[in-house]
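Below is one structure; the comments refer to it alone.
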Amino acid sequence: MYIVVILSMRIMGKRQIGQMQPHEVVVALMIADLAAMPMEDNSVPILNGIVPILALVLSQIALSFAILKSIKFRGFICGKSKIVIRQGKIDEKSLRDEMYTIDDLTEALRIKGYNDIQEINQARLETNGELSVIPYGFAAPAERCDVGSQNEEPLRVDVIISGTLMEDNIGAISVDVNGLEKAIKKAGGHSVRDVLYASAGMDGSFFVQLKSKRGAGK
């Protein structure tokens, strides 16, 4: 069964061991479950595991060819990528459609090496769940390497996420609460509850984006 599973994954291509699409995840899980049945129970004939695995492999190969041939079918099976940041602003509707939280977004950006949403020209959530990021020219990684330590950008932290004040982060860099309130009002909000996302820098700067129902068009 071990050899059968390895050969099955190899036949289906390298994508199966890389970033998988949802339908590929389903196939991988089903193959693992089918392989486990004869291994766990000696009374189950080994063919009861091999035959359905081979059927799944053939189905996956046929599906992959169909996806290659038809763009519409590819969109139906794999979905479409969604832009979640446009010109330094979070697209709240796209996040909601993909059930992707702001915490997920900021974490993915930090992994990519960005801690300020204003640096991002466009961020797109790909169909395999990866976040691809296109920064503005001034924030490109190649340019950052040439910047001296004295000119490095100040550390930024999340201070408001979906109308909730992140008190631990505020205490970590001694955020000026009065300055934050002024930044919210300047953006057109009245309170923390109106804010979709806000970050603060150690230099005292703030970035505030209001929720769509109050901040649309701002």
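The values are calculated or read from the model by the stated rules, or taken from the named source; none is laboratory data. Note that the structure is a prediction, hence the values are computed from the model and not measured. Every residue, glycine among them, receives a Cβ derived from its backbone with ideal geometry; neighbour counts consider all protein chains shown. Remember, those area values only see protein heavy atoms, side chains included, never the ligands or the DNA or RNA. Shrake-Rupley method; radii C 1.70, N 1.55, O 1.52, S 1.80 Å.
For this structure, a couple of remarks:
- Qualifying positions in the range 147-177 - open to solvent by less than 30 Å² (accessible area, probe 1.4 Å) and either at pLDDT below 70 or outside any loop (DSSP other than H, G, I, E, B) (or both): 148, 156, 157, 158, 159, 160, 161, 170
- Residue 191 vs. criteria small (Gly, Ala, Ser), at pLDDT 90 or above and surrounded by fewer than 12 Cβ atoms within 10 Å (Cβ to Cβ): yes
- The range 129-146, residues that are at pLDDT 75 or above and crowded, with 16+ Cβ neighbours inside 10 Å: 131, 133, 135
- Filter result for residue 124 (modelled with pLDDT of 85 or more and charged (D, E, K, R)): yes
Matching residues to (1) more than 31 Å from the chain's Cα centre (by Cα); (2) modelled with pLDDT of 85 or more; (3) under 19 Å from residue 129 (Cβ atoms):
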{"site": "48", "(1), (2), (3)": "yes, no, no"}
{"site": "54", "(1), (2), (3)": "yes, yes, no"}
{"site": "64", "(1), (2), (3)": "no, no, yes"}
{"site": "67", "(1), (2), (3)": "no, no, yes"}
{"site": "71", "(1), (2), (3)": "no, no, no"}
{"site": "75", "(1), (2), (3)": "no, no, yes"}
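- Selection status of residue 104, at pLDDT 85 or above, touching a strand residue (DSSP E or B) at 6+ places or on another chain (Cβ under 8 Å) and among the charged types (D, E, K, R): no
- Residue pairs whose Cβ atoms lie under 7 Å apart, sitting 6 or more positions apart in sequence or on different chains, and linking a residue in the range 179-208 that is under 24 Å from residue 84 (Cα atoms) to a partner that is among the acidic types (Asp, Glu) and assigned to a strand (DSSP E or B), are 199/158.
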